[in-house]
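Colleague: Here it is: the structure, laid out below.
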Amino acid sequence: MDVASLIDTSTGRQSRSIYSSDAVYRQELERVFGRCWLFLAHISQIPRPNDFFRTYMGEDDVIVIRQKDGAVKAFLNTCTHRGNRICRADRGNARSFTCNYHGWSFAPDGALAGVPLENEAYFGELDRSKFGLVPVAQVAEYKGLIFGCFDPAAPSLDDYLGDAKFYLDVWLDALPGGTALVGETQKMVLNTNWKLPVENVCGDGYHLGWAHAGAMMAVQSMDLSGLSVGNSSANLDGGLSVAGLNGHMALTSLDGVSGYAFYPEPKPMLDYLEANRPTVTERLGKTRGEQLWGSQINITIFPNLQFLPGLNWFRVYHPKGPGQIEQWTWAMVENDMPENIKATILDNQCLTFGLAGLFDNDDGDNLAACTEQSRGWRTAQMDVYTNMALGRSGAREGFPGDIAAGLVSEHNQRYFYRRWQEHMQASSWSDVPTYNLNPLGSREAVNA
Amino acid sequence: MNQTSTVERPSTGAAASLEVSHALTQTLYREARRLDDEDYAGWVAMLADDLHYHMPGIETRYRRDTTDQITDLTRMAYYNDNLDEIKKRLSRLETGTAWSEDPATRYTHIVTNVEVENTEKADEFRVFSNFYAYRNRNERDEDSLIGNRIDIWREAGGAYQLVKRRIILKHNIMLSKNLNIYL
Ligand code: FES
Ligand SMILES: [Fe+2]
């Protein structure tokens with residue numbers, strides 16, 4: 001496959017075939033989902049020993065299990081006998097997992113613990129140690145977020161996240177109590193290629209005032225970088241598009257409050273921010289404490305994790321073929337929040353985003369139609385562009401990354417596709433470049 | 001917002017009179033027709049000021065897992081709305097800028113299995129029903145939403161108003177790209 005021809009970062013061009021081709025998709029499963037660190041679960045979802053949570057890595061079904069000693073392991077959710085799915089619940093607590101087919105049972109540490117008729121039918125000759133559940137090669141946690149990686153040669157999670165941690169910490173490390181995901185998993189099927197929702201959230205502030213005009217009129221209570229109905233007064237000084245961080249991105253306003261702009265009654269949230277801002281500023285410094293915490297921030301961890309402190313939704317996209325995803329959403333809270341604030345967040349998250357959310361009602365059709373319009377004989381040969389504000393990025397005092405002004409720009413999308421191309425072209429991790437542009441303390445200009 | 005939803009209680013379990021049962025069954029049909037017609041003003045007129053409209057999200061759990069996924073209001077719900085919140089949702093349609101609602105979705109609500117019970121309050125009745133809601137959009141978007149409802153309806157001035165509704169949808173993964181529908 002000629003991956004070089006599919007993306008041109010210098011002009012912002014993508015071939016539409018990347019949204020519809022089966023060959024591209026199979027290679028993504030290998031080189032993107034088979035290689036990158038993927039979000040598995042939040043520690044709040046498996047707090048006790050033997051708690052489990054079921055998820056996907058690419059199309060592979062995985063169980064994440066809290067061990068007796070507090071560690072977390074992850075296994076492919078498939079019986080080593082004939083391949084049946086061993087766990088059918090979304091989450092729960094289990095001292096063992098027994099396969100429904102012939103009754104093999106596995107301990108939470110993956111060991112094959114029981115085999116019916118082991119002596120009689122296998123004549124005691126089955127080497128159980130060779131038939132434990134197959135583990136995910138690497139599992140690691142960053143401040144409450146558990147990630148897994150199929151590639152034993154991948155860099156550490158710490159290196160993978162790199163300087164994106166500066167932005168991640170605005171949620172994960174703002175307050176001493178840490179964070180949690182709350183509520184059941186909100187799952188829906190969307191007939192879109194998985195890259196389109198990622199692109200939409202990682203950088204596309206452009207669509208907000210247009211696609212979501214009706215939703216904004218219904219719930220917007222405060223200014224968000226001048227973004228309003230019809231995009232009439234977007235203010236490019238009001239936000240940053242941050243990329244150039246190993247494929248991770250942040251899109252953020254800078255006022256420290258507009259994360260709550262889509263709460264019809266934001267007063268209790270603003271009081272919470274005011275009461276806790278000194279603590280956050282002490283922990284994270286002035287830039288993040290005053291400008292980022294409480295702002296509208298879209299954070300993207302390559303390839304398929306996105307979360308938005310403020311609007312407070314946390315989401316992962318599981319690909320199901322080139323033209324379909326499952327979108328899983330949770331509400332996100334800080335553990336130090338009073339209960340009534342947590343309840344308001346969960347309610348507002350469901351009102352705005354997620355299946356019945358006013359905003360998500362708008363996005364589904366657009367993403368599905370962009371996918372469909374890449375599948376025709378003629379359209380699959382056509383291109384699409386993210387060429388807004390090409391070449392208008394650089395360093396910003398106090399913020400790591402290669403940065404463009406404003407929430408309305410296609411800067412982040414270009415970096416997303418650049419990273420995608422880097423992975424798709426590389427035959428192993430050793431061919432994948434690492435970059436954390438403009439690390440704090442360094443002020444060299446960046447030539448993206 | 002209270003922490004547990006009480007649409008199941010208090011119950012006398014006794015069937016309501018034929019007259020009340022008939023009137024409430026007709027009320028459910030009228031409500032379904034208004035929703036089919038996108039007559040949301042007509043629908044809102046059937047809702048009580050103290051409405052609680054609740055549709056919890058349901059995960060697949062083992063039988064031994066006794067987590068209350070239905071009545072615990074601190075858990076996730078697709079709808080956990082009072083009247084103001086319902087009106088806020090509907091106001092999006094009235095802005096004229098909800099592009100995704102144009103062309104319109106075509107709806108059919110089918111309501112069946114209606115049972116009407118008296119409650120401890122003389123003017124309030126518990127109504128069980130099942131629904132089948134079919135949507136068709138654009139060229140070939142279609143989906144079916146099927147589930148159970150438990151309602152409390154209150155008699156006021158010769159008509160009935162919806163006070164509480166619990167909707168139990170049967171999906172784990174929603175097979176549709178949004179929920180621009182009331183059930
Ligand atoms: S497939 Fe699991 S026990 Fe046979
Ligand atoms: Fe959107």
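The values are calculated or read from the model by the stated rules, or taken from the named source; none is laboratory data. On a predicted model such as this, the values are computed, not experimentally measured, just so you know. Here the Cβ is made from the backbone with ideal geometry for all residues, glycine too, and neighbour counts use every protein chain on show. SASA here: full protein model, heavy atoms, side chains in, ligands and nucleic acids out. Shrake-Rupley method; radii C 1.70, N 1.55, O 1.52, S 1.80 Å.
Colleague: Evaluate the range A:13-27: report whether one residue or more is assigned to a loop (DSSP other than H, G, I, E, B), buried (at least 21 other Cβ atoms within 10 Å of the Cβ) and not aromatic (F, W, Y). Let's see the steps before the verdict.
Modeller: From the range A:13-27, those assigned to a loop (DSSP other than H, G, I, E, B) are A:20-21; that's our starting set.
Retained after the next criterion (residues that are buried (at least 21 other Cβ atoms within 10 Å of the Cβ)): none.
For the range A:13-27, residues assigned to a loop (DSSP other than H, G, I, E, B), buried (at least 21 other Cβ atoms within 10 Å of the Cβ) and not aromatic (F, W, Y): absent.
Colleague: While we're looking at this one, here's another question. Which residue out of A:A343, A:A331, A:A356 is under 16 Å from the mean Cα position of the chain (by Cα) and not acidic (D, E)?
Modeller: Numbers: A:A343 fails: under 16 Å from the mean Cα position of the chain (by Cα); A:A356 fails: under 16 Å from the mean Cα position of the chain (by Cα).
A:A331 is the lone residue from the list that is under 16 Å from the mean Cα position of the chain (by Cα) and not acidic (D, E).
Colleague: Conditions first: (1) surrounded by fewer than 21 Cβ atoms within 10 Å (Cβ to Cβ); (2) within 19 Å of A:H411 (Cβ to Cβ). A:K165 passes all but one, so which condition is the exception?
Modeller: With respect to (1) surrounded by fewer than 21 Cβ atoms within 10 Å (Cβ to Cβ); (2) within 19 Å of A:H411 (Cβ to Cβ), A:K165 is out only on (2).
Colleague: Take the residues of the range B:135-149 that are surrounded by 20 or more Cβ atoms within 10 Å (Cβ to Cβ) and under 13 Å from the mean Cα position of the chain (by Cα): which is farthest from the other protein chains (Cβ to nearest Cβ)? So that I can check it myself, show each step before the final result.
Modeller: Here is the first cut: in the range B:135-149, the ones surrounded by 20 or more Cβ atoms within 10 Å (Cβ to Cβ) are B:137, B:145, B:149.
Imposing the further condition that a residue be under 13 Å from the mean Cα position of the chain (by Cα) reduces the set to B:145, B:149.
Details: B:L145: 11, B:R149: 16 Å.
The extreme case among them is B:R149.
Colleague: Restrict the check to the range A:351-372 and report whether at least one residue is touching a strand residue (DSSP E or B) at 6+ places or on another chain (Cβ under 9 Å), part of a strand (DSSP E or B) and more than 10 Å from chain B (Cβ to nearest Cβ).
Modeller: No, every residue in the range A:351-372 fails to be touching a strand residue (DSSP E or B) at 6+ places or on another chain (Cβ under 9 Å), part of a strand (DSSP E or B) and more than 10 Å from chain B (Cβ to nearest Cβ).
Colleague: So, one more: Tell me which strands (runs of 3 or more DSSP E) are completely within the range B:1-98 and hold 2 or more residues being of a type in the set (S, T, Y), or say none if there are none. Reasoning before the result, please.
Modeller: Values: elements: B:11-15, B:47-56, B:77-81.
The qualifying strands (runs of 3 or more DSSP E) are B:11-15, B:77-81.
Colleague: Another question, if that's okay. Being open to solvent by 40 Å² or more (accessible area, probe 1.4 Å), more than 22 Å from the chain's Cα centre (by Cα) and more than 9 Å from ligand 1 (Cβ to nearest atom) is the filter here; which residues of the range A:62-84 pass it?
Modeller: A:K68, A:D69, A:A71 - these are the residues of the range A:62-84 that are open to solvent by 40 Å² or more (accessible area, probe 1.4 Å), more than 22 Å from the chain's Cα centre (by Cα) and more than 9 Å from ligand 1 (Cβ to nearest atom).
Yes/no matrix, rows are residues, columns are (1) within 14 Å of chain A (Cβ to nearest Cβ); (2) open to solvent by 40 Å² or more (accessible area, probe 1.4 Å); (3) farther than 27 Å from B:L73 by Cβ:
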residue: B:T105; (1), (2), (3): yes, no, yes
residue: B:V116; (1), (2), (3): no, no, no
residue: B:F128; (1), (2), (3): no, yes, no
residue: B:A133; (1), (2), (3): yes, no, no
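Colleague: Right, something else. Quick one: A:L112 ticks every box in (1) closer than 30 Å to A:P322 by Cα; (2) open to solvent by less than 40 Å² (accessible area, probe 1.4 Å) bar one, so which box is it?
Modeller: The one condition A:L112 does not meet is (1).
Colleague: Scan the range A:171-208 residue by residue and report those that are away from every other protein chain (no Cβ under 14 Å), in contact (Cβ under 8 Å) with a residue 60 or more places away in the chain, surrounded by fewer than 24 Cβ atoms within 10 Å (Cβ to Cβ) and more than 15 Å from ligand 2 (Cβ to nearest atom).
Modeller: A:D173, A:L175, A:P176, A:G177, A:G178
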